[in-house]
Every structure is written in structure tokens, then in C-alpha cells.
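Participant: Input: one structure, supplied below.
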Amino acid sequence: MDGAGNPSPPAQAIAPIVQPATIFDDEDRALGYRGVWQHQGDLQPAHAETISSARDRGAALELVFEGKRILWFSKLGDNCGRAEVSIDGGSPQIVDTYCSDDVWGVCVFRSELAKPGKHTIRITVCGDHNPRATDTLVFIDGLRAESVSPNNPSRRGP
């Protein structure tokens, strides 16, 4: 009905086809950790109450996933450092996880890939930090791989 009370003919609502995301918690066996990582539990602000962290240069996490988009969720804090993130062996991007406050469950990296399919993400601890940070910790709370709807390939958002 419009504002004057005139009815319109019925119309079918068309919704996008949404593919479910694949969530990889920091304790997921699909994640390949290299180097020294600390795995903590019973942390209520973390996803599934667990989080993993490393501070040593070269400690890395690698994940092979299926999709067109990948997101990395972390914890930010005043003791957090930098990490390099590369997709499929490409040029790394630097992610600085410093924040003056503790912020849990934040997406610190997102990549939209050229083609859907099997990809590899690698997160490597740089072992350094910006001048305001007090340590070099890098946290992994989880990753999320997403497919893009076939009838709406430009769809954005979580």
C-alpha cells in the first residue's frame, strides 16, 4: 500500500544466495603453526574463549582455505607488534596490531581474492613494533574464509 492506501500488485522478494563462511578458531587443526606460540584458554573476550600469540620473529601461521575472501581476527593492545600477511606467496602486507587499549575480536586484515578457489594465507610475526608499543606480540583469534554469492559477486560485508 502506498501513503494514500492504494494497493500495489504482489511482488516476489529476491534475496541473494549466501554461501556460509568457514570459521577457523585459533585452535583449529587446519591452522599450521610454526615457531613458538602460546595458546591460552578461559579468556571470555576471545572467540571460543581461546587465543594464540607469538612474539618471536619468524613465528608463523599458515592456512589453506577455500573461498574468495579471507579475514583475520585478532586482539589489539599496547603490547602488540607487527606481522606480515601474504596470500598465495604474494608480496606481504604489514599489519600493525598496536592499540593503546585492549580491543578483542577485531578484523585486522581482509583480502578480496581475484578468483574463488583454494588459497593459502601466511601470517608471520615480524618481531618488531611501532615506537608506542611495549612488546611484539601478535595474536590469532581466528580466521574466516568466505565465498561470494554467484548472483551478487560484489557483495561486501561480514
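The values are calculated or read from the model by the stated rules, or taken from the named source; none is laboratory data. Quick caveat: nothing in here was measured; it's all calculated off a predicted structure. With ideal geometry, Cβ positions are generated from the backbone for all residues, glycine too; neighbour counts draw on all protein chains shown.
Participant: For the condition under 17 Å from His129 (Cβ atoms), modelled with pLDDT of 95 or more and touching a strand residue (DSSP E or B) at 6+ places or on another chain (Cβ under 8 Å), what is the one hit in Gly58, Gly89?
Facilitator: Gly58
Participant: Select, from Ala114, Ala46, Ala54, Ala83, the only residue that is crowded, with 20+ Cβ neighbours inside 10 Å and either free of Cβ contacts under 8 Å to residues at least 60 places away in the same chain or farther than 20 Å from Glu27 by Cα (or both).
Facilitator: Every option except Ala83 fails the conditions.
Participant: Then there's this: Filter the stretch 86-141 for residues that are in a strand (DSSP E or B) and touching a helix residue (DSSP H, G or I) at 6+ places or on another chain (Cβ under 8 Å) and give the result.
Facilitator: Across the stretch 86-141, the qualifying residue is only Gly105.
Participant: With the structure loaded, tell me whether Pro153 is at negative phi, part of a loop (DSSP other than H, G, I, E, B) and modelled with pLDDT of 95 or more or whether it fails that test.
Facilitator: So Pro153 does not fit the description; no.
Participant: What do you reckon, is Val64 within 14 Å of the chain's Cα centre (by Cα) and either within 23 Å of Asp135 (Cα to Cα) or at pLDDT 95 or above (or both)?
Facilitator: yes
Participant: I'd like the residue in the stretch 63-80 that is touching a residue at least 60 places away in the same chain (Cβ under 8 Å) and farther than 17 Å from Cys107 by Cα and, out of all such residues, is surrounded by the fewest Cβ atoms within 10 Å (Cβ to Cβ).
Facilitator: By that ranking, first place goes to Glu66.
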